[in-house]
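Here's the structure, in structure tokens; my notes come after.
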Amino acid sequence: MSSDKVAIITAGGSGMGAASARRLAADGFKVAILSSSGKGEALARELGGIGVTGSNQSSDDVKRLVDGTLEKWGRIDALVNSAGHGPRAPLLDITDEQWHTGMDVYLMNVIRPTRLVTPIMQKQRSGVIINISTAWAFEPSAMFPTSAVFRAGLASYTKLFADSFAVDNVRMNNVLPGWIDSLPATEERRTSVPMQRYGKSEEIAATVAFLASDGAGYITGQNIRVDGGMTRSV
């Protein structure tokens, strides 16, 4: 078994997922990346890791990545769950099918790989799962209805996970980004942020890297806002 730390990043081909993969690799992690576009495989090669082209909405694709990671390095120390974009529409116009798609994109994207990596981390007696969520999980916006609903559910799932697996030294936390530079920029959005700027994908990646580090070893079940002060509810 490798003594190097190993991280899996899902939806890691671009944006905050790709930035997290780059930062973890810079911090010494071996990285395995899943993305639907093929960009994840290219990034993994650049970083000396492995990549799978597939979807985090497919249990088979996620299992291919987990199995390949174990075959190559024999361990998994961190799982970073990123996501694509789910359906957006006026609340009552969202169809049943779109709600189910939203659940796949924003909740099941965490549950599927978590089922696979948690037993591995239990055997190691160490591991951390970090979910890239949204600042609007607790202060929902009509702009992102399916995201807000299912990521509020993710917050509950994370608390339940922490209650169950903290005893095994397996942690789970959520990062809650606000307006980040991987999104289209508008002046209205920028001025809604007390810091008067968009956040950087690299700032989200730095938070992910901290939560994956030994220095965050006593943090689990938490939702960490990284949004320039835009949301401040308790």
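The values are calculated or read from the model by the stated rules, or taken from the named source; none is laboratory data. Quick caveat: nothing in here was measured; it's all calculated off a predicted structure. So basically every Cβ, Gly included, is an ideal-geometry build from the backbone, and we count neighbours across all protein chains shown. Note: accessible area is taken over every heavy atom of the protein model, side chains too, but ligands, DNA and RNA are not part of it. Shrake-Rupley method; radii C 1.70, N 1.55, O 1.52, S 1.80 Å.
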Taking r as the C-beta separation of Asp27 and Leu92 and R0 as 35 Å, the FRET efficiency to the nearest 0.05 is 0.15
What's the magnitude of the charge dipole for the chain around its Cα centre, counting Lys and Arg as +1 and Asp and Glu as -1 at the beta-carbon? Answer in Debye, nearest 20. 440 debye
Shape parameters for segment 80-168, alpha-carbon atoms, Rg then Dmax in Å: 14.4, 46
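Computed FRET efficiency, Cβ-Cβ of Arg64 and Lys123, R0 25 Å: what is it to the nearest 0.05?
Details: r = 21 Å, r/R0 = 0.82.
So the FRET efficiency works out to roughly 0.75.
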Hey, in the GNM for the chain with a 10 angstrom Cα cutoff, which one of Asp181, Asp214, Asp77 fluctuates hardest? Asp214
So which lysines pass the test for Lys63, namely a Cα distance under 22 Å, with those fewer than 8 places away in the same chain ruled out? Lys5, Lys30, Lys39, Lys72, Lys123
Looking only at Cα atoms, what is the convex hull volume of segment 154-234 per residue, in Å³? 101 Å³
Spelling it out for Val6: with amide H atoms placed in the peptide plane at 1.01 Å from N, the residues 5 or more places away or on another chain with amide H under 5 Å from its amide H are Lys30, Asp77, Ala78
Along each of its three principal axes, how wide is the spread of alpha-carbon positions in the chain, in whole angstrom units, largest first? 50, 37, 37
Using a 1.4 angstrom probe on heavy atoms only, work out the carbon and sulfur share of the accessible area of the chain in %. 53 percent
How many angstrom separate the Cα center of segment 9-30 from the Cα center of segment 121-193? 17 Å
Could you give the DSSP H helices of the chain that reach 24 angstrom or more along their long axis (alpha carbon positions) and whose average Kyte-Doolittle hydropathy is no lower than 0.0? 145-165
What size of dipole, in debye to the nearest 20, comes out for segment 193-234 about its Cα centre when the only charges are +1 on Lys and Arg C-beta atoms and -1 on Asp and Glu C-beta atoms? 200 debye
Mean residue ellipticity (222 nm) of the chain, computed from DSSP H runs ≥ 4 via -39,500 (n - 2.57), nearest 500: -12500 deg cm²/dmol
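Hand me the trypsin sites (Lys or Arg not before Pro) from segment 94-144 located in a DSSP loop with no more than 16 other Cβ atoms within 10 Å, in residue order please. Mind dumping the intermediate values first?
On the way: sites: Arg115, Lys123, Arg125; in loops: Arg125.
Within segment 94-144, the qualifying trypsin sites (Lys or Arg not before Pro) (loop, at most 16 other Cβ atoms within 10 Å) are Arg125.
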Per residue accessible area in Å² of the chain, where ligands, DNA and RNA are left out and the probe is 1.4 Å: 46 Å²
Nonlocal amide H pairs with Leu47, under 5 Å, H built at 1.01 Å: none
Modelled FRET efficiency - R0 30 Å, Ala142 with Ile219, Cβ distances, 0.05 increments: 0.45
